[in-house]
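Data first, discussion second: the structure below is written as structure tokens.
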Amino acid sequence: MARFFRFFIRASAFLRKEIFEVLRQPRLVLSLVLGPFLILFLFGIGYRNQARPLRTLFVAEKGSPIARQIQDYATTLGPQLIFMGVTDTQDAAIQRLRRGEVDLVAVAPTNAYETIRNNQQAVFTLYHNEIDPFQAEYVKYFGQIYVNEVNRRVLRTITQEGQSQASTVQDDLEAARASAADLRQALERGDAAAAHQHQRALSRDLSAVELAVGASLGLLTNVQQTLGSDNGNEASQVRASLTDVRQNTNSLNEIDTNRVNYRPEIERVAKIEGDLATLESKLKEFQRIDPTVLVSPFRSEPKSVAPVAPRISDYFAPAVIVLLLQHLGVTLAALSFVRERQLGTIELFRVSPISSVETLLGKYASYLLFAGLLAAILTALLIFGLRVPMLGLWTGYTLVIIALLFTSLSFGFVISLMAQTDNQAVQYSMIMLLTAVFFSGFFLSLDTLWAPVRVISWALPATYGILLLQNIMLRGYLANPNLLFSLTAIGVVLFFMALLLLQRQMARS
């Protein structure tokens with residue numbers, strides 16, 4: 001028991017020493033904490049998650065129909081397209097692009113109608129002056145989006161034409177129903193001569209209906225086959241009704257003038273009237289559908305099952321905490337033993353009764369206490385100042401912070417025991433920070449990294465800390481035991497590596 005107390009006293013002696021050592025250098029603390037925080041803060045308020053608008057100049061033949069269409073519709077395509085006019089000189093447009101006066105030159109296809117008739121797609125050629133691969137890819141995506149919008153509008157125009165033809169069909173159907181009604185009334189009066197006249201009129205009107213209904217019925221058939229219907233194939237039903245009307249009408253070509261009762265003929269005419277009413281109802285339903293809905297029948301509506309819909313600042317808040325704490329822990333620990341060697345304290349440790357284990361544990365305790373206090377302050381600022389959600393348990397959050405600080409300090413102590421000067425220690429710490437920014441999932445998602453490169457990501461404390469804190473704070477999940485164990489295991493391995501390096505340096509000659 002006495003040995004344990006002596007061990008505890010010698011290790012705890014570092015608490016006061018290291019904390020006061022840090023507090024005697026306020027500029028160091030401010031630069032370690034506020035420097036990276038200020039950089040991330042400025043990036044956060046300056047970043048805009050919006051697609052870049054492109055100043056677009058169109059090239060089309062002067063006076064051509066497509067040039068007129070561009071003038072009429074280019075300003076309505078969307079906010080990301082800034083319409084800069086239409087010119088008929090491609091070389092002049094390219095020169096304006098090179099001078100930076102426009103961002104994009106869109107060359108419209110010549111003889112687009114003939115190209116399409118030849119079973120080929122008409123091509124809009126997009127010229128840009130981007131050297132950034134991401135921006136060049138954005139231009140390609142930009143072109144796809146707006147060409148799809150142009151295609152949709154062309155289809156909408158075709159659909160409107162089909163519906164206008166449906167309006168003509170309505171007029172023909174009304175005339176056919178009137179002729180059928182006149183035919184029925186003539187038969188009911190027994191006027192065979194008038195019935196013959198109205199039958200011929202009905203036949204002519206029905207021929208007009210058959211001619212006009214073709215395009216509308218074809219479009220209705222395609223829509224129904226693509227989207228399906230609970231009412232069966234309505235287009236086939238319309239065709240069947242039209243065939244029945246024609247057959248019944250033809251059966252009335254010869255009406256016997258010597259008869260008194262025309263009940264069978266009257267029943268056939270009544271069926272004709274019913275079929276014509278059904279046809280009119282079906283085509284009215286088709287005409288009522290908005291052309292935009294026919295061309296774009298589907299739309300997406302995202303809904304999240306997450307407990308909250310975080311703001312961009314909320315999403316990055318856990319990552320900022322993790323990044324700052326890793327950098328703080330690594331830098332403080334990295335400068336620790338370098339400073340001891342420069343001041344000659346290591347020589348005193350050699351002749352004192354303190355062991356390397358007690359020295360290392362004392363420094364861990366000191367920096368864990370100091371960094372833990374800063375972590376609490378940062379957490380309070382985010383939760384109560386910036387109103388970042390905290391949906392999970394504080395126990396899980398605390399365990400993650402402790403594991404993160406422990407592993408970060410382990411990295412720092414290994415750096416400190418390997419570095420020869422404080423400049424080297426600072427440089428290694430900055431390399432750790434830059435690596436964490438690009439490989440930990442803070443700036444780029446881990447899924448976007450090549451699988452072999454992700455080995456670097458999973459060697460960083462920040463990777464585990466970001467995943468754990470985001471799930472705890474923004475999803476309300478419990479701390480993932482596998483991630484927490486892996487994070488702690490890295491720290492333990494580095495602890496023993498640091499202990500081995502310290503033992504070698506403190507070994508008596």
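A few points about this structure:
- 3 or more residues farther than 23 Å from GLY392 by Cα: qualifying helices (runs of 4 or more DSSP H) within region 418-509: 422-439, 454-457, 481-506
- Scan of region 434-492 for residues that are of a type outside the set (D, E, K, R), more than 25 Å from PHE413 (Cα to Cα) and touching a residue at least 24 places away in the same chain (Cβ under 8 Å), ordered by number: GLN470, ASN471, ILE472, MET473, LEU474, GLY476, TYR477, LEU478, ALA479
- In region 349-374, the residues that are over 23 Å from ILE401 (Cα atoms) and of a type in the set (Phe, Trp, Tyr) form Cβ pairs under 7 Å with partners that are modelled with pLDDT under 85 and assigned to a helix (DSSP H, G or I), at six or more places apart or across chains, as follows: PHE349/THR359; PHE349/MET506.
- Test result for ILE354, in contact with a helix residue (DSSP H, G or I) (Cβ under 6 Å, 6 or more places away or on another chain), aliphatic (A, V, I, L, M) and modelled with pLDDT of 90 or more: no
- In this structure, ALA376 does not qualify as crowded, with 17+ Cβ neighbours inside 10 Å and assigned to a helix (DSSP H, G or I).
- For region 105-124, the condition of being of a type in the set (Ser, Thr, Tyr), free of Cβ contacts under 8 Å to residues at least 24 places away in the same chain and loosely packed, with under 12 Cβ neighbours inside 10 Å holds for at least one residue.
The values are calculated or read from the model by the stated rules, or taken from the named source; none is laboratory data. In this text, all values refer to a predicted model and were calculated from it rather than measured experimentally. So basically every Cβ, Gly included, is an ideal-geometry build from the backbone, and we count neighbours across all protein chains shown.
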